[in-house]
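Peer 1: Shown below is the structure under consideration.
The values are calculated or read from the model by the stated rules, or taken from the named source; none is laboratory data. Here the structure is a predicted model, which means the values were calculated and not measured. Counting neighbours? That spans all protein chains shown, and the Cβs are built from the backbone with ideal geometry, glycine included. Side chains are part of the model used for accessible areas, which takes the heavy atoms of the whole protein and leaves out ligands, DNA and RNA. Shrake-Rupley method; radii C 1.70, N 1.55, O 1.52, S 1.80 Å.
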Amino acid sequence: MHIIDLCSAIRSRYYISPLDLADSAETNRLHSNFVSFIFFIFGTADLLVLLVLHRNSLYEHFVSFLYFGIFTLVSVLAFLLSIKVKDVAREKAYILKNIPFYIDFCCGIGASVYNFYILSQPFNGVLTLFLTNLIVLCAFSFSPFIFLVLLLSGFCPMIPDIYVNFGLTGLMDSILVVFVMFSLSLYKRYSEKRFFMLLKRQKKSLVVKTFGNFTLLYDGKVVRFSRTKSTELLAYLIYKNGSSVQTKELLSVLWGDHADSARYGASLRNLIVDIRHVLGELEIQNFFVSEYNNFRINPEAVHCDYYDFLAGERTAVKNYTGEFMSQYSWAEDVAAFLERKVLG
């Protein structure tokens with residue numbers, strides 16, 4: 001009974017639904033895209049160094065050559081996956097978009113074990129392990145319990161040799177670092193859960209109407225921007241339903257297929273500043289998100305008739321009268337799609 005109570009307490013304190021974490025998974029995907037590319041450069045450079053320095057004795061360095069070859073191939077796999085899962089449905093986002101992150105995480109753990117045992121560099125191995133986990137703590141959103149499993153999978157095989165190389169004090173210090181990192185992961189997840197609860201309260205006040213003309217309301221009042229295209233930019237991101245949109249696509253939507261970044265890039269940046277300023281003035285949080293020149297909205301931070309329609313809510317389906325963001329020509333195809341869903 002006590003175990004059941006403990007599990008219930010842990011769940012109530014740290015559990016966040018996969019749908020709520022869909023936007024965090026998109027952030028993980030973008031970060032993994034960057035990290036995978038860095039890993040690829042690192043692995044390729046090491047392979048080239050091995051080929052140049054040991055081209056006449058590759059057999060003697062076969063293990064290192066094999067390791068960096070696998071490391072490079074896995075980083076390419078993570079990079080390609082991070083691109084492939086960009087537009088998956090939000091119901092699947094938490095699982096699929098986190099796969100590249102966990103691949104990169106395992107690459108970092110593998111690098112630490114490689115340094116520790118294969119290269120016989122225990123200090124570098126331990127340092128690589130803890131740096132990998134520190135970067136994960138700072139840059140990614142994850143389950144603290146999966147984090148602990150992966151951290152221990154790298155740390156536990158090192159325990160005997162940490163004692164041999166660094167003594168009892170070094171071992172105890174390492175165990176303390178593992179404990180602190182896991183504690184920080186728990187605190188991070190608890191903070192995320194509190195933040196999502198705040199977003200749910202905000203969602204009651206932040207409303208988007210897409211049937212008919214696009215309208216953004218906060219506390220019952222229309223949110224107005226100083227630039228007309230700021231509203232259109234947000235409308236398009238609402239339509240994308242949480243998927244990241246790059247600068248080139250936004251330029252095409254807002255100024256036509258032949259719009260180039262050299263001419264319209266400054267205009268787009270002004271729109272971004274306008275949106276951030278207005279939303280900041282209203283203290284609207286985590287609704288408009290920009291990362292690595294990618295832009296999106298967080299559907300979990302807003303109540304939207306379009307999202308209710310996609311979720312199959314009867315009231316939203318009934319309220320759809322054939323018009324979707326009527327002031328924008330690019331929304332015509334979406335209106336036809338919604339009409340087919342109603343008829344189907």
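Peer 1: Every residue in region 303-323 that is open to solvent by 80 Å² or more (accessible area, probe 1.4 Å), assigned to a helix (DSSP H, G or I) and in contact (Cβ under 8 Å) with a residue 40 or more places away in the chain, please.
Peer 2: If the condition is that a residue be open to solvent by 80 Å² or more (accessible area, probe 1.4 Å), assigned to a helix (DSSP H, G or I) and in contact (Cβ under 8 Å) with a residue 40 or more places away in the chain, then Asn319 is the only one that fits.
Peer 1: Considering every residue within region 333-341, establish whether at least one is among the acidic types (Asp, Glu), open to solvent by 60 Å² or more (accessible area, probe 1.4 Å), farther than 26 Å from Gly220 by Cβ and modelled with pLDDT under 90.
Peer 2: Checked against the condition, which is being among the acidic types (Asp, Glu), open to solvent by 60 Å² or more (accessible area, probe 1.4 Å), farther than 26 Å from Gly220 by Cβ and modelled with pLDDT under 90, region 333-341 yields at least one hit.
Peer 1: Another question, if that's okay. Those residues that are basic (Lys, Arg) and crowded, with 19+ Cβ neighbours inside 10 Å, I need them from region 1-47; list them, please.
Peer 2: Arg29
Peer 1: Test Ser326 against the criterion of being assigned to a loop (DSSP other than H, G, I, E, B), of a type in the set (Gly, Ala, Ser) and touching a Phe, Trp or Tyr at 6+ places or on another chain (Cβ under 9 Å), and give yes or no.
Peer 2: Answer is yes for this residue.
Peer 1: Here are some residues: Lys229, Lys200, Lys221. Which one is closer than 22 Å to Ala93 by Cα and open to solvent by 40 Å² or more (accessible area, probe 1.4 Å)?
Peer 2: Going through Lys229, Lys200, Lys221 in turn, just one is closer than 22 Å to Ala93 by Cα and open to solvent by 40 Å² or more (accessible area, probe 1.4 Å): Lys200.
Peer 1: If you don't mind, there's one more thing I want to ask. With Leu127, Leu134, Leu58, Leu77 as the choices, which residue is free of Cβ contacts under 8 Å to residues at least 24 places away in the same chain and open to solvent by 70 Å² or more (accessible area, probe 1.4 Å)?
Peer 2: Among Leu127, Leu134, Leu58, Leu77, only Leu127 is free of Cβ contacts under 8 Å to residues at least 24 places away in the same chain and open to solvent by 70 Å² or more (accessible area, probe 1.4 Å).
Peer 1: Out of region 242-266, which residues are of a type in the set (A, V, I, L, M, F, W, C), at pLDDT 85 or above and either assigned to a helix (DSSP H, G or I) or surrounded by fewer than 12 Cβ atoms within 10 Å (Cβ to Cβ) (or both)?
Peer 2: Listed by number, the residues that qualify are Leu250, Leu251, Val253, Leu254, Trp255, Ala266.
Peer 1: Take the conditions part of a helix (DSSP H, G or I), free of Cβ contacts under 8 Å to residues at least 24 places away in the same chain and of a type outside the set (S, T, N, Q) and apply them to Val149. Does it pass?
Peer 2: Values: part of a helix (DSSP H, G or I): yes; free of Cβ contacts under 8 Å to residues at least 24 places away in the same chain: yes; of a type outside the set (S, T, N, Q): yes.
Answer is yes for this residue.
Peer 1: Among the residues of region 143-164 satisfying the criterion of being within 15 Å of Cys107 (Cβ to Cβ) and crowded, with 21+ Cβ neighbours inside 10 Å, which is nearest to the chain's Cα centre (by Cα)?
Peer 2: Keep residues of region 143-164 that are within 15 Å of Cys107 (Cβ to Cβ), which gives 150-151, 153-154.
Next, only the ones that are crowded, with 21+ Cβ neighbours inside 10 Å stay: 151, 154.
Numbers: Leu151: 20, Gly154: 24 Å.
Among those that are within 15 Å of Cys107 (Cβ to Cβ) and crowded, with 21+ Cβ neighbours inside 10 Å, it is Leu151.
Peer 1: Quickly run through region 269-294 and pick out the residues that are touching a helix residue (DSSP H, G or I) at 6+ places or on another chain (Cβ under 6 Å) and of a type in the set (A, V, I, L, M).
Peer 2: Within region 269-294, Leu271, Ile275 meet the criteria.
Peer 1: In this structure, is Leu50 farther than 30 Å from Cys138 by Cα and open to solvent by less than 30 Å² (accessible area, probe 1.4 Å)?
Peer 2: So Leu50 passes the test.
Peer 1: Can you give me the number of residues within region 97-123 that are open to solvent by 60 Å² or more (accessible area, probe 1.4 Å) and either modelled with pLDDT of 95 or more or in a helix (DSSP H, G or I) (or both)?
Peer 2: Residues in region 97-123 being open to solvent by 60 Å² or more (accessible area, probe 1.4 Å) and either modelled with pLDDT of 95 or more or in a helix (DSSP H, G or I) (or both): 5 in total.
Peer 1: Kindly indicate the residue of region 164-197 that is β-branched (Val, Ile, Thr) and touching a helix residue (DSSP H, G or I) at 6+ places or on another chain (Cβ under 7 Å) and also farthest from Ser143 (Cα to Cα) among those meeting that condition.
Peer 2: Step by step, filter region 164-197, then rank; the result is Val177.
Peer 1: Could you say which residue among Glu300, Glu291 is of a type in the set (Asp, Glu), surrounded by 15 or more Cβ atoms within 10 Å (Cβ to Cβ), at negative phi and in contact with a Leu (Cβ under 7 Å, 6 or more places away or on another chain)?
Peer 2: Selected residue: Glu300, the only one of Glu300, Glu291 that is of a type in the set (Asp, Glu), surrounded by 15 or more Cβ atoms within 10 Å (Cβ to Cβ), at negative phi and in contact with a Leu (Cβ under 7 Å, 6 or more places away or on another chain).
Peer 1: Among (1) under 26 Å from Phe142 (Cβ atoms); (2) in contact with a Leu (Cβ under 8 Å, 6 or more places away or on another chain), there is one condition Ser64 misses while meeting the rest; what is its number?
Peer 2: (1)
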